[in-house]
1. One residue is enough: does segment B:31-39 have a residue meeting the conditions under 30 Å from residue A:8 (Cβ atoms), away from chain A (no Cβ under 14 Å) and either in contact with a helix residue (DSSP H, G or I) (Cβ under 9 Å, 6 or more places away or on another chain) or surrounded by fewer than 18 Cβ atoms within 10 Å (Cβ to Cβ) (or both)?
2. Among the listed residues A:69, A:73, which satisfies the condition of being modelled with pLDDT of 95 or more and buried (at least 20 other Cβ atoms within 10 Å of the Cβ)?
3. Can you say whether residue B:57 is crowded, with 23+ Cβ neighbours inside 10 Å and out of contact with any strand residue (DSSP E or B) (no Cβ under 7 Å at 6 or more places or on another chain), as far as the supplied structure shows?
4. Mind listing whichever residues of segment D:60-83 are without any contact (Cβ under 8 Å) to a residue 40 or more places away in the chain and touching a strand residue (DSSP E or B) at 6+ places or on another chain (Cβ under 7 Å)?
5. So, in segment C:145-164, how many residues would count as being in contact (Cβ under 8 Å) with a residue 40 or more places away in the chain and either within 18 Å of residue C:27 (Cα to Cα) or buried (at least 18 other Cβ atoms within 10 Å of the Cβ) (or both)?
6. Please pick out the residue among D:101, D:116 that is at pLDDT below 95, over 21 Å from residue A:82 (Cα atoms) and touching a helix residue (DSSP H, G or I) at 6+ places or on another chain (Cβ under 9 Å).
7. Scan segment D:14-30 and tell me whether some residue there is in a strand (DSSP E or B), under 13 Å from the mean Cα position of the chain (by Cα) and away from every other protein chain (no Cβ under 14 Å).
8. Does residue A:166 qualify as being outside any helix (DSSP H, G or I), farther than 19 Å from residue A:34 by Cβ and modelled with pLDDT of 95 or more?
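The values are calculated or read from the model by the stated rules, or taken from the named source; none is laboratory data. Keep in mind the model is a prediction, meaning the values are calculated, not measured. Positions of Cβ are backbone-derived with ideal geometry, glycine not excepted, and every protein chain shown enters the neighbour counts.
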């Protein structure tokens with residue numbers, strides 16, 4: 001089983017990247033082969049219908065789309081911007097929706113969110129479900145939300161609080177066996 | 001009274017631009033001075049927290065933010081992408097939310113949508129309301145939705161169907177007097 | 001395979017009931033045994049935490065919950081009220097969420113909507129997904145929307161337009177084999 | 001200025017009722033006359049189109065609608081059920097939307113939420129905005145969310161944490177002067 005991992009933030013020190021690093025390290029034990037893509041490494045212009053008409057879907061998007069199409073599941077950890085999905089991540093989905101067939105149509109998708117706030121990024125994930133499901137993705141109902149994320153990680157890619165470790169492991173195991 | 005007009009599409013021939021052109025031509029009669037900004041003319045990178053930390057909010061965003069702050073209302077006509085807000089438009093909102101004070105906080109906002117489908121872009125506008133209201137914008141409850149937009153416009157900036165003309169005029173008048 | 005069918009309207013002549021009647025008649029060919037429940041036949045009070053504490057989950061809800069738990073999938077055809085889910089249907093979900101385990105947790109759910117408007121009931125279904133998924137239901141990404149529903153049905157439980165017949169059959173087949 | 005206050009819970013000991021009690025006690029200082037309605041005191045059947053056709057909008061709904069129409073603003077404090085609006089509260093909105101003119105059309109509406117969780121009831125309020133705005137209500141952008149509500153109140157109708165007192169006062173003052 002292959003999972004494609006993407007943190008929906010372009011920051012080097014993003015807490016969502018840190019969360020995904022832990023995911024990446026843990027899923028081997030579940031028989032999963034994980035490939036992680038750094039969001040900022042995808043060459044992605046702003047979506048523009050004229051650009052698409054003139055030059056087609058950009059190569060950077062197509063490369064990512066192929067990786068996604070080859071994976072069994074797409075795992076996204078995304079920040080919440082202004083109670084909603086980051087524009088950048090939605091822009092990626094908008095481009096991917098122009099690739100035919102849509103590379104995540106019929107694919108299992110798992111959502112996580114790390115957030116510095118007490119609230120976690122749950123509202124953002126609710127907004128993120130909509131376009132993913134509109135394109136035919138099977139977004140797993142349960143979502144993993146990590147609050148107070150600035151204080152959540154140790155320096156060597158684990159959680160300060162062992163409860164989060166257990167919670168994440170149970171979450172990943174549940175998804176991998178669904 | 002000054003309104004800033006933005007169509008949330010970068011296409012030259014966008015139906016949302018055509019709709020906004022009609023808005024621009026009609027509001028003078030309501031005593032409104034309209035300024036229209038072409039979305040693709042705003043110099044806007046993808047939002048990246050590292051970029052913001054290194055160089056601050058980009059100049060193109062700041063210029064737009066100033067225009068917005070100087071206006072009495074913000075009028076947006078936006079397409080719907082995948083049942084939600086275009087990533088590009090959300091990216092603009094994400095950048096604007098980093099300008100302090102947020103230039104549309106406390107400001108009246110009017111939403112319209114033109115769509116080639118029978119359904120109109122209403123689901124997209126519902127998603128668009130969320131980040132605008134999260135930042136303190138007063139989004140007008142009623143929204144204008146134009147369906148079958150490819151067949152809706154004449155060549156000289158009016159509607160094929162006079163009912164749409166009346167509907168739009170009533171809508172703009174209602175908003176201008178609220 | 002057993003499906004539980006519920007139209008989210010209490011009207012006798014509800015277009016959602018008519019749509020469900022067609023679903024009921026068609027799924028036998030897919031090897032599915034369908035059971036239909038009339039919404040108004042469920043004895044359901046308004047949700048009230050005090051009532052629940054005093055008397056537990058009402059018997060009418062428990063009876064429905066058992067049927068639901070025994071089914072392989074839950075098929076709901078729901079109207080849209082005020083751009084959202086009918087309060088009555090949400091009230092049923094609120095009660096069901098108090099039964100442990102939640103009878104639709106981990107269960108496949110299919111959503112349809114019939115609406116007299118041109119727009120269909122898609123915004124309502126988007127709102128309906130949220131609590132169903134929050135409780136762990138696997139809501140199928142694709143949703144069936146029937147617009148102009150007052151003119152859509154013949155007197156003997158079929159569609160006026162044969163395209164709707166084909167569209168529904170393909171939709172049900174796709175879901176039954178997923 | 002008159003405000004109509006409603007807590008969207010039928011529990012006697014509802015934390016949303018406690019929050020509204022504080023609101024009621026504080027707004028006099030802002031020159032506001034508050035009237036509070038207990039949700040469970042409204043005689044409200046489940047919405048059913050056949051019932052409406054046979055007997056019209058129920059008297060209990062009409063009485064509430066008149067109070068609402070006579071108020072300058074509607075203040076709602078609502079729990080969140082399953083990431084969304086309580087079915088009971090949505091059922092009230094569905095009935096009110098059948099009164100013509102809709103009693104909260106064009107009216108200012110303020111939303112609050114008290115929740116025992118750490119997260120507050122923000123997702124529920126986002127879902128609540130949709131039908132209120134669909135019917136033409138002017139829902140104030142900023143919303144007041146009180147988390148950990150079981151530990152938030154003293155026995156004599158104030159907050160344990162004085163920060164909440166200040167936060168609420170500023171919130172009410174801001175709304176009363178908008």
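1. yes
2. None of the other options fit; the residue is A:73.
3. In short, no.
4. Within segment D:60-83, D:64 is the sole residue that qualifies.
5. 7
6. D:116
7. no
8. So residue A:166 fails the test.
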